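Taking it in order: structure first as C-alpha cells, then the write-up.
The values are calculated or read from the model by the stated rules, or taken from the named source; none is laboratory data. Note that the coordinates shown come from a computational prediction; the quantities given were computed from them, not determined experimentally. Positions of Cβ are backbone-derived with ideal geometry, glycine not excepted, and every protein chain shown enters the neighbour counts.
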Amino acid sequence: MIGILLSLLFPGLGQIYYGRTKLGLLLIALTLLPFLYPVTLIWSIVDIIRAQKQGAIPAFSGKDAAWVFVFLLVVVPLGAFVAYKGTMLVAKRASAFRSTTSSSRLHGNEIRRAILTYHQTQGTYPESIASLTVGRPLRRTWLTDPWGEPYVYAVKDDSSGFVLFSKGPDEKPATGDDIRFAGE
C-alpha cells in the first residue's frame with residue numbers, strides 16, 4: 001500500500017520504495033515532462049499492482065485498498081484545493097502589487113503635470129500638493145498614494161525644480177521601492 005501512496009504523490013517513488021530504483025528514476029524523469037504525467041502516474045500504479053500479483057512485492061489487503069481509496073477521494077483533492085488556493089492567493093497579491101504600483105505612477109504623473117502647469121501659470125511652484133486641489137482638476141484622493149501614505153513633495157532650495165515621489169509598498173522613504181517622478 002505504501003508503494004501506491006508514494007506513486008500517487010509522485011510517480012516512481014513507489015518503485016524506489018520497493019527497490020526497483022531504475023524504473024523509479026525513469027518514471028520520475030518522465031514525470032518532469034508535464035504532458036507525460038498522466039501516463040507515468042498510471043504506469044507507476046499498474047506496475048506496483050502487477051509486481052504485487054507476481055509476488056515480487058508484499059501483497060496488500062482489502063483494508064489497504066480501502067485506505068488507498070480514501071486517500072484518492074479525500075487527501076488528493078484536498079491537496080489540490082490547497083495548492084490551487086495558494087497559487088491564486090500568490091497571483092492575486094502579485095496582481096494587486098502591479099495594480100497599486102501602476103496606480104501610483106498614474107496619480108504621480110498627474111500630480112507632476114499639475115505642478116508643472118501651476119509653475120507655468122504662476123511662475124513659482126506650489127507650496128504643497130494640497131494647494132493644487134483648490135479649484136484644480138487634481139483629485140483629493142490623489143493626495144495619498146495607493147498604500148495610504150502622502151506623496152512626498154518639496155520644492156528644491158534654489159527653486160529650480162521639485163522632488164515628488166511615493167514611498168512605495170514599504171511606506172518608507174529613500175528605499176528601492178520608491179516611485180519617483182521627474183521634477184525639473
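The set of residues in the stretch 1-31 being farther than 19 Å from residue 79 by Cα and aliphatic (A, V, I, L, M) consists of 1, 16, 23, 25, 26, 27, 28, 29, 30. Within the stretch 1-20, residues that are touching a residue at least 24 places away in the same chain (Cβ under 8 Å) reach partners that are assigned to a loop (DSSP other than H, G, I, E, B) and crowded, with 18+ Cβ neighbours inside 10 Å with beta carbons closer than 6 Å, at six or more positions or on different chains, in the pairs 3/18; 18/57. When the residues of the stretch 1-42 are filtered to those that are of a type in the set (Phe, Trp, Tyr) and either in a helix (DSSP H, G or I) or at pLDDT 85 or above (or both), which remaining residue is surrounded by the fewest Cβ atoms within 10 Å (Cβ to Cβ)? Result: 35. Reported count of residues in the stretch 146-177, each being crowded, with 16+ Cβ neighbours inside 10 Å, out of contact with any Gly (no Cβ under 9 Å at 6 or more places or on another chain) and not in a loop (DSSP other than H, G, I, E, B), is 1.
Among the criteria (1) free of Cβ contacts under 8 Å to residues at least 24 places away in the same chain; (2) in a loop (DSSP other than H, G, I, E, B); (3) not small (Gly, Ala, Ser), the one residue 57 does not fulfil is (1). Exactly one residue among 46, 75 is at pLDDT 80 or above and either in contact with a Lys or Arg (Cβ under 9 Å, 6 or more places away or on another chain) or of a type in the set (Val, Ile, Thr) (or both), and that residue is 46. Can residue 113 be described as over 21 Å from residue 170 (Cβ atoms) and either modelled with pLDDT of 80 or more or among the hydrophobic types (A, V, I, L, M, F, W, C) (or both)? Answer is yes for this residue.
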